[in-house]
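**Student:** A single structure is presented below for examination.
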Amino acid sequence: MSTEATRLRRLLMSNALSVFGLVTTAVFVILAVLEVISFGKITPFNPYTPNFGQANLGPSLAHFFGTDFEGRDIFSQVIAALPTDMGISIAVVVTSALMGIVLGTLAGYFRGLFDEVIMRLTDMFLAFPQIIMSLAIAATLGPSLLNVTISLIVVWWPPYVRLVRGAVLAVAAEDYVSVSKALNSSFLYIVRKDALPNVLPSVLVYATTDIGSALLTLSTLGYLNVGIPAAMPELGRMVSGVTYQLYLYPTQVLIPAVVVMLMVAGFSFLGEGLRESLDVKLRPHILMRGRGIGKAEGGQGKVPSPMTSPAGTRLLLGSGRGGFRRGAVVEEAGDQATGTEVDGGGDLRAPVEGRLAD
Amino acid sequence: MVGSLFVLLGVALIVFFISHLLNPNPALLWAGPRARPETVKAVAAAYHLNDPLLNQLYYYFQSLLTGNFGVDPQNGRPILSEILFYAPNTLELVLASMVIIIALGIALGYLSGMRFGTKVDAAIRVFYLTTWSTPYYLGALVSVLLFASYVPIFPSSGNGTVGFTYNSITGIFVLDALLQANWAALESGIYHLILPATTLALLSFGIVPRIMRSSILDTRWSTHVKAARARGLEEGNVRRKHILRNALIDTTTVIATTFGWLFSGTIIVEQIFAWPGIGQFSYMAIVSDNYPVLVACIFVFTVGVIVANFIADIIYPLLDPRITLGEGG
C-alpha cells in the first residue's frame, strides 16, 4: 500500500464521523451484495408471504423489526429492498459522474462554442425542480427500474459537469499543461496524465455524498408511489404502504424510513470525512489535534512536512505529473501549501464553484 | 438578468419538448381514456395538436408570455387562478423556513467552524449531517407523531384558514391577517405554520452550516486574518469583519441553492401536513397525468429558483466589494 493510502486511512480513522460512515456504508453494501448473490436466501423469513396470524407484531427477537399488517417480516423486507435502493442510487451517481467527466472535460478543455452550449444547458437543468422533474418523467415513462434510473439521471448530471469543468479549467491554466501542449502531447494524453488525476478526487468525494442524495430522492419517488414497479421491494414505498398505521404502529412506518436515513447518513459522513481528509489546508490542524501538539487554534506547533504535501491527493489516484511540481514549498503548520490547493469538491447537494469565477 | 431570462427561455423549451416526447397523444389524455374518437379529434383540433410542431411552439410561447397557462382539464378552471391560489401558500411556508434556515444555518456553521475540532464542532456536524440525511417523509411523520400526537402542542394539518373570512390581498394568509389586523387569524396562521416550517427548514438546511463551516475554516487561518490581528485589531472586530463577512459570500450562494431544495421538499411536507400549496398541487397533477397543470407548476418552481439566484446576485456586492452587480450571474 502506498504511503499516501496509509496516510489517508490514518486521517479517515482519526475522525469518528468518517469511521461511522465507512462502517455503515460497508455493512449496507455487503448486505445488499449478499442478498443478490444468495438469491434472497439471507433473509430470515420470506418477505412476500403473508402470515395473518402474526400480523402487526412489535419488534422482537424472532422479528427484529416486527411484522406488517399482513404478518410479513419487516426486517426481511428491508433486506430485500436494499439491492433496489442501493443499486439504483449507485447507478445514477456513476452514470452522472461519467457524463460529467466526459462533458466537463471537453467543455473545459476546448472552451468555445461547445463549452458555451454545454454550460447553458447545464444551467437550465440546474434550475429545474429536481424531484418534480424526475417524478414527472418517471410517471410518464411508466413503472420500471430502468425508467426510474433514467428519470433520476436526467436531473442528476448537471452538477458533475460544473464540477469537472471548473477543475479542468483550473488545470488547463497551469504551466505544466502549456508545456505539455508545446511538446505536442495529444488531447487524450493530457487528459489522462494531467486533468483526470486532478479532477477525480473531487468527483469521488462529491459522488460519495451524492449517492446519499440519490437514495433520498429515489426513496421519495418510492414514497410517492411513482416509477417503481409494484412487485419491487423499495424502502420509501414500504413506508407509504403503511403510513395509515402511523398512530397505531409507529415502528412499522418509521423503521424502513430510519434505514434509509442510516444509509444516507453513512454515505454523507463518509463523503464529509473524505473531503476533510483530502483537504490539504486542514491537514495540519487535523493532525495536530490527533497528536495533542498544541490546540487547533492559530498556527503554532510543528507538523512533519510530508503530511502537508501538496502532491498528496493527487498521489491517491495514480500519479499525475501535476503532482510533482517543483518548487512547491511546504510551509509550517497553519499555512496552506503554496498554490496547490486541491478543492475538496462539492458540498452536500450542488457544487458552488464557478459562480464567482464564471 | 439577461442570463436568467435565457435560462427561463431554455427551461420553457425543454419543458415543451419533454412533454411532447413523453406524450404521444395529449388529446387522449385531455379527453380521458374512455372518450369517444370524435371527442379526441375535437380536442386535438381545438388545441392545435394537429399543427406542425413549430406552430405549436409559437402558440405555447404566446400563451406563456400572456400568462395564459390554459384550463385545468380536471375542473375547467383557469390554471393561472389555481396557481395564484396555491403559490402564495407555498411561499408562506418556504419563506418561514428560509428565515429559520438562514438564522440557524449561519449561527451553527459559524460556531462549528470557530470551535473546529472540539466537541461542540462534532455535535453540530452530527446534527446537521443527520437532519440532512433524513428523508422528508421520515422527518415530517416523526414531527407529526411527536408534536401533534404524543405531545399535541401543534395542529397536524392545514394552514389555519378554516373558520376565518378575510380578504385575500397577497394570498399569504399570515401576511393578509397582519395587514388587516385580524389578530385571531394571525395567531391561527402562525400556530399552523410553526410545525411544517420548522420541519421543512431542519430537513433542508444541512448544506448551509456545512458551507458556512468550511468557509470559516478557509478564512480563519488565512493571512489577511493574521494581518488584521497583527495590526492589533480587537478580536470581535476581526471575527465580524474579516472572518464572518468573508464566509458569508459562499454561504449566500448555497442559501439560494437551498431555496430550490425547499420547493422539492414541499411536495412531501405539504402532503403530510395537508398544506394547500403548490407542491401538493403538482403532485396531484403528476399522478393524474394532468400535463397542463404540471407544465405550469414546473414553470412556477423554476421562476422561484431563478428569482432566488437573482436575489443572491444582488446580495453579493453588499458582502464583497470586489464583486459588482452584473458579473455575478
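**Student:** I need the helices (runs of 4 or more DSSP H) fully contained in region B:33-134, keeping only those with at least 3 residues that are over 23 Å from the mean Cα position of the chain (by Cα) and farther than 23 Å from A:Arg275 by Cα. Talk me through it step by step, then tell me what you get.
**Tutor:** Numbers: elements: B:37-46, B:53-65, B:79-114, B:119-133.
Once the helices (runs of 4 or more DSSP H) in region B:33-134 are filtered for at least 3 residues that are over 23 Å from the mean Cα position of the chain (by Cα) and farther than 23 Å from A:Arg275 by Cα, what remains is B:37-46, B:53-65.
**Student:** Just to confirm my filter: which helices (runs of 4 or more DSSP H) fall fully inside region A:1-118 and include at least 3 residues that are within 25 Å of A:Val258 (Cα to Cα) and touching a Leu at 6+ places or on another chain (Cβ under 9 Å)? Explain how you work it out, then say what you get.
**Tutor:** Details: elements: A:3-13, A:16-37, A:74-110.
Result: A:16-37, A:74-110.
To keep it simple, each residue is scored yes or no on (1) modelled with pLDDT under 85; (2) under 18 Å from the mean Cα position of the chain (by Cα); (3) at negative phi.
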{"residue": "B:Tyr166", "(1), (2), (3)": "yes, no, yes"}
{"residue": "B:Ser188", "(1), (2), (3)": "no, no, yes"}
{"residue": "B:Leu193", "(1), (2), (3)": "no, yes, yes"}
{"residue": "B:Thr198", "(1), (2), (3)": "no, yes, yes"}
{"residue": "B:Ser204", "(1), (2), (3)": "no, yes, yes"}
{"residue": "B:Arg213", "(1), (2), (3)": "no, no, yes"}
{"residue": "B:Trp221", "(1), (2), (3)": "no, no, yes"}
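**Student:** Anything in region A:189-245 that is of a type in the set (S, T, N, Q) and farther than 23 Å from A:Ile132 by Cβ? List them, or say none. Let's see the steps before the verdict.
**Tutor:** Start the filter on region A:189-245 by keeping residues that are of a type in the set (S, T, N, Q), which leaves A:198, A:202, A:208-209, A:213, A:217, A:219-220, A:225, A:240, A:243, A:245.
A:Asn198, A:Ser202, A:Thr208, A:Gln245 - these are the residues of region A:189-245 that are of a type in the set (S, T, N, Q) and farther than 23 Å from A:Ile132 by Cβ.
**Student:** Now for a separate question. Please count how many residues of region B:46-59 are modelled with pLDDT under 80 and either surrounded by 11 or more Cβ atoms within 10 Å (Cβ to Cβ) or more than 13 Å from B:Pro26 (Cα to Cα) (or both). Give the derivation first.
**Tutor:** Initial filter on region B:46-59 (modelled with pLDDT under 80): B:46-51.
Applying the additional criterion that residues be either surrounded by 11 or more Cβ atoms within 10 Å (Cβ to Cβ) or more than 13 Å from B:Pro26 (Cα to Cα) (or both) yields B:47-51.
Here the count works out to 5.
**Student:** Next up: Considering only region A:125-166, state which residues are under 21 Å from B:Leu5 (Cα atoms), within 11 Å of chain B (Cβ to nearest Cβ) and either touching a residue at least 60 places away in the same chain (Cβ under 8 Å) or more than 23 Å from the chain's Cα centre (by Cα) (or both).
**Tutor:** A:Leu126, A:Gln130, A:Pro159
**Student:** Inside region B:245-283, can you point out the residues that are at the interface with chain A (Cβ under 8 Å from one of its Cβ atoms) and acidic (Asp, Glu)?
**Tutor:** B:Asp250
**Student:** Now, a different point. Looking at the structure I just gave you, is B:Thr219 polar (S, T, N, Q) and facing another protein chain (nearest Cβ under 10 Å)?
**Tutor:** Numbers: polar (S, T, N, Q): yes; facing another protein chain (nearest Cβ under 10 Å): no.
Judged against the criteria, B:Thr219 is not a match.
**Student:** Across region B:284-294, which residue is farthest from B:Phe61 (Cα to Cα) among those that are more than 8 Å from chain A (Cβ to nearest Cβ) and touching a Leu at 6+ places or on another chain (Cβ under 9 Å)? Working first, answer last.
**Tutor:** Of the residues in region B:284-294, the ones more than 8 Å from chain A (Cβ to nearest Cβ) are B:284-285, B:288, B:290-293.
Checking the rest, the ones that are also touching a Leu at 6+ places or on another chain (Cβ under 9 Å) come to B:285, B:290-291.
On the way: B:Ala285: 21, B:Asn290: 19, B:Tyr291: 16 Å.
Across region B:284-294, the extreme among qualifying residues is B:Ala285.
**Student:** What's the number of the only condition in (1) assigned to a helix (DSSP H, G or I); (2) buried (at least 17 other Cβ atoms within 10 Å of the Cβ) that B:Phe154 fails to meet?
**Tutor:** (1)
**Student:** Okay, next question. Are any of the residues in region B:149-156 of a type in the set (A, V, I, L, M, F, W, C), at the interface with chain A (Cβ under 10 Å from one of its Cβ atoms), in contact with a helix residue (DSSP H, G or I) (Cβ under 7 Å, 6 or more places away or on another chain) and over 22 Å from B:Leu95 (Cβ atoms)?
**Tutor:** Residues of region B:149-156 that are of a type in the set (A, V, I, L, M, F, W, C), as a first pass: B:151, B:153-154.
Within this subset, residues satisfying the condition of being at the interface with chain A (Cβ under 10 Å from one of its Cβ atoms) are none.
Checking region B:149-156: not a single residue is of a type in the set (A, V, I, L, M, F, W, C), at the interface with chain A (Cβ under 10 Å from one of its Cβ atoms), in contact with a helix residue (DSSP H, G or I) (Cβ under 7 Å, 6 or more places away or on another chain) and over 22 Å from B:Leu95 (Cβ atoms).
**Student:** Could I ask something else about it? If you take the residues of region A:84-111 that are of a type outside the set (Val, Ile, Thr) and without any contact (Cβ under 8 Å) to a residue 12 or more places away in the chain, which of them is nearest to A:Ala195 (Cα to Cα)?
**Tutor:** Applying the first criterion (of a type outside the set (Val, Ile, Thr)) to region A:84-111 yields A:85-87, A:89, A:91, A:96-100, A:103-104, A:106-111.
Then keep just the ones that are without any contact (Cβ under 8 Å) to a residue 12 or more places away in the chain; that gives A:98, A:110-111.
Working: A:Leu98: 14, A:Phe110: 13, A:Arg111: 15 Å.
It comes out as A:Phe110.
Okay, residues lined up against (1) within 30 Å of A:Phe75 (Cβ to Cβ); (2) touching a helix residue (DSSP H, G or I) at 6+ places or on another chain (Cβ under 9 Å); (3) β-branched (Val, Ile, Thr):
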{"position": "A:Thr149", "(1), (2), (3)": "yes, yes, yes"}
{"position": "A:Trp156", "(1), (2), (3)": "no, yes, no"}
{"position": "A:Tyr160", "(1), (2), (3)": "no, yes, no"}
{"position": "A:Glu174", "(1), (2), (3)": "no, yes, no"}
{"position": "A:Asn184", "(1), (2), (3)": "no, no, no"}
{"position": "A:Ser213", "(1), (2), (3)": "yes, yes, no"}
{"position": "A:Leu221", "(1), (2), (3)": "yes, yes, no"}
{"position": "A:Val239", "(1), (2), (3)": "yes, yes, yes"}
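**Student:** Here's another thing I want to ask about it. List every residue pair whose Cβ atoms lie under 6 Å apart, where the two residues are 6 or more positions apart in sequence or sit on different chains, the first residue falls within region A:248-267 and is more than 8 Å from chain B (Cβ to nearest Cβ), and the second residue, located anywhere, is aromatic (Phe, Trp, Tyr).
**Tutor:** From region A:248-267, the pairs are A:Ile255/A:Phe65; A:Met263/A:Phe28.
**Student:** Next question. If only one of A:Leu215, A:Leu188 is within 24 Å of A:Met119 (Cα to Cα) and either in a helix (DSSP H, G or I) or touching a Cys at 6+ places or on another chain (Cβ under 6 Å) (or both), which one is it? Please lay out each step first, then the result.
**Tutor:** Values: A:Leu215 fails: within 24 Å of A:Met119 (Cα to Cα).
Exactly one residue qualifies, and that residue is A:Leu188.
The values are calculated or read from the model by the stated rules, or taken from the named source; none is laboratory data. Bear in mind the structure is a predicted one, so any value in this text is a computation, not a measurement. Here Cβ is always computed from backbone atoms with ideal geometry, including for glycine, and neighbour counts include all displayed protein chains.
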